[in-house]
Amino acid sequence: MIGDPESFPKKKSIDRRSYLKAAVAAVGATTLQTTASASAEDYDVIEVGSGETFSKRLSDGETWKNVLIDISAEGAAYSIIAVADNWEIKNIGVLGTFDSHTNGSAFNVEVPSADATGLIQNVYLPGAYEPGHDYNGPMGIYVTRNHGGDLLIQNVNVQNMQDNGIYASSTGHEGSDGADGSVRIEDSYFHGNATCHTRIGTSSSYVKNCVGWNGIHRGHWQYYEHSDMIDCDYGENGTDIILGGSSYPKQDTAELSVKNSRYDTVSNAGSGINGSSAGTPRHRSPSDIGAPASAEEAASGQSGDSTDDNNIDPFIPAGDFSLEVTAQNDFAEYLIELDAEAVEVGNEAEPDDEQYTDRAFESGEHWYIHGYTGGSADNFRVTGGEILRVGEIQGTSRITANGTPLDLSVFDTITSVPGDKDSQLPNVVVIDGEGTSDTASYEFVVSDTVEPSNDENATIDEAATVDGTHASGVVADYLDAWRFNSEIEQFSIDGDATVRVNGVEVDPDRFDDVGEKEEAQLPNVIVIDGNGTSDTASYEFVVSDTVEPSNDENATVDEAATVDGTYASGVVADYLDAWRFNSEIEQFSIDGDATIRVNGVKVDSDRFDDVSST
């Protein structure tokens, strides 16, 4: 936890000199005249002497506001610490810049209690006299790892810090190293900060209506977990968005969802970005988003009105235009539906690649673009058209029209390639009765989708039926063919016929007979769902008869799960376990945060007796 101000390396502290300015003209009418208005509030002025440091520490429930801290003198500095619950820091402006590379974290905050809050609002921090990167240099605002409550940082202007603008990822550290608090950054302006402008690391944190411009290394750094970026503009930074890193294993799953936000460059060392840039980043001013433009403006409670129309109509191409598709990360499969006169494949696409073919084709009344992209861009030329739907079948795509990035969220979604069942259902099973005199009836079950097919010149038999994942039919001196994805789970045949899967003859006895699957024997399902949680949850339960691990709800059979007779146990962490059983659950215990569902219905684990023994 952050200690007292005296524990920080600093110069001699001073008693504050306070000037309550009912008439600010006495200090500097020319400077303040441009920001003074009828709505301006009086504020205190603290002049910090040469080589001195002003220190302020907040306590529980304290509000500190309307203060201008003048560090224009050589070697002057400040130290602001809020390690408390339910505090507010409002209307604070810093006049002058740090002229030392050893100021470090001059603004340290945390809200220790999970049910408490903190507020930083309308603050102006101009940074260092000599902008540039220095890990020992000044930082804008540091949120400590012991922050467990909710912190709102709103209407701040942080510029030219030699380290981070807002460093708020430590609370997301793994295990007990981080208290998992939320940091919400809204309506704020960042410029010229070195390490990054905004750095967060918990799923309850976000950045909203912020501008991050001209950062030396990074714009926004999603250090841990899955957060949101909403209505933001990050541009002309070393890299506009960074995900994850290599310092901690938890960084591998760093993820960011972007909504109506604009950026150009991305570096991914985590799970990736959900969504895509909504266009070219706009360098909006502090007043456009409600942040103060000067120390005096902040201290007097003035700022912009955030009237900039952040919901401007997105760019949607029409007529003749070029399209370019790239992958946000390593690989993407994309699909675009258009109402167009013609679509041509450009010279950067790969229409002759047998495995990853980029193509444009007509189907019905519309044109379609379907392809794959990795390290290079695919391009297409549209004549007399407009985009109707866009699909990201694998990975995340970045699509530009005439060089302008498109916000893919404004288009309807398409999920399958029209007239292209072979690519969606890549597997073929053939039941071949040719050369036999008797009929053979068959039925089988797959784990996903199955449809009749004309493979091997089969005809679609009117007697063939499909019911969900179950298919059945009859052959007699002819063959039936079916396409499916995933796997054959059960297969039964009565009669003489050859069975081929993807051209290879197989023995039907290798499959379970239809009707013998565990669902029939074990009709009940319990799911322990840890999705959306950051910590692990261990559980154990006892049934009155039989229990087995299951793949229900797309669960994977966890190697850590154990079964001993009627007793089962396991661990979940941002995934789910499923079990099938007959009879009843007699005991259930859980240690951690997870949702319990029995036969699809959410239940409270407290309804069961705790497991008394194994």
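The values are calculated or read from the model by the stated rules, or taken from the named source; none is laboratory data. All values derive from a computational prediction rather than experimental measurement. Positions of Cβ are backbone-derived with ideal geometry, glycine not excepted, and every protein chain shown enters the neighbour counts. What goes into the accessible areas is simple: the full protein's heavy atoms, side chains included, and nothing from ligands, DNA or RNA. Shrake-Rupley method; radii C 1.70, N 1.55, O 1.52, S 1.80 Å.
The eigenvalues of the Cα gyration tensor, multiplied by 5 and square-rooted, give segment 484-614 an equivalent ellipsoid with semi-axes of 34, 17, 12 Å from largest to smallest. What shape does segment 390-538 take by its C-alpha gyration tensor, where a ≥ b ≥ c are the square roots of the eigenvalues and a/c under 1.5 counts as rounded, a/b above b/c as prolate, and the rest as oblate? Taking the square roots of the gyration eigenvalues as a ≥ b ≥ c, segment 390-538 is oblate. For the chain, the solvent-accessible area with a 1.4 angstrom probe is 44 square angstrom per residue.
Taking 0.36 nm per residue of separation and subtracting the Cα-Cα distance, full extension of the segment from SER113 to ASP177 would add 21.5 nm.
For segment 366-481, the carbon plus sulfur part of the accessible surface works out to 41%, probe radius 1.4 Å.
If you take the Cα centroid of segment 214-243 and the Cα centroid of segment 418-484, the two points sit 51 Å apart. Remark: the Cα gyration tensor places the chain in the oblate category, a/c being 1.5 or greater and a/b not exceeding b/c. Stretched out straight at 0.36 nm per residue, the stretch from VAL563 to THR459 would grow longer than its current Cα-Cα span by 32.7 nm.
Here the calculated FRET efficiency for TYR129 and GLU62, from their Cβ-Cβ distance with R0 = 41 Å, stands at 0.85, rounded to the nearest 0.05.
Based on Cα contacts under 8 Å between residues 6+ apart, the chain shows a relative contact order of 7 percent.
In the structure displayed, which of LYS90/LYS250; LYS56/LYS250; LYS208/LYS602; LYS56/LYS259; LYS90/LYS208; LYS208/LYS250 lie more than 31 Å apart, Cα to Cα? Exceeds cut-off: LYS90/LYS250; LYS56/LYS250; LYS208/LYS602; LYS56/LYS259.
When the surface is traced with a 1.4 Å probe over the full set of protein chains, LEU408 keeps roughly 20 Å² accessible. Note on SER363/SER589: beta-carbon distance plugged into 1/(1 + (r/R0)^6) with R0 of 41 Å gives a FRET efficiency of 0.15. Under the classification rounded if a/c is under 1.5, otherwise prolate if a/b is larger than b/c and oblate if not, where does segment 41-183 fall, given a ≥ b ≥ c as square roots of the Cα gyration tensor eigenvalues? Here segment 41-183 falls in the oblate category.
FRET efficiency for the ASP477 to TYR248 pair, using the beta carbon distance and R₀ = 60 Å, is estimated at 0.35.
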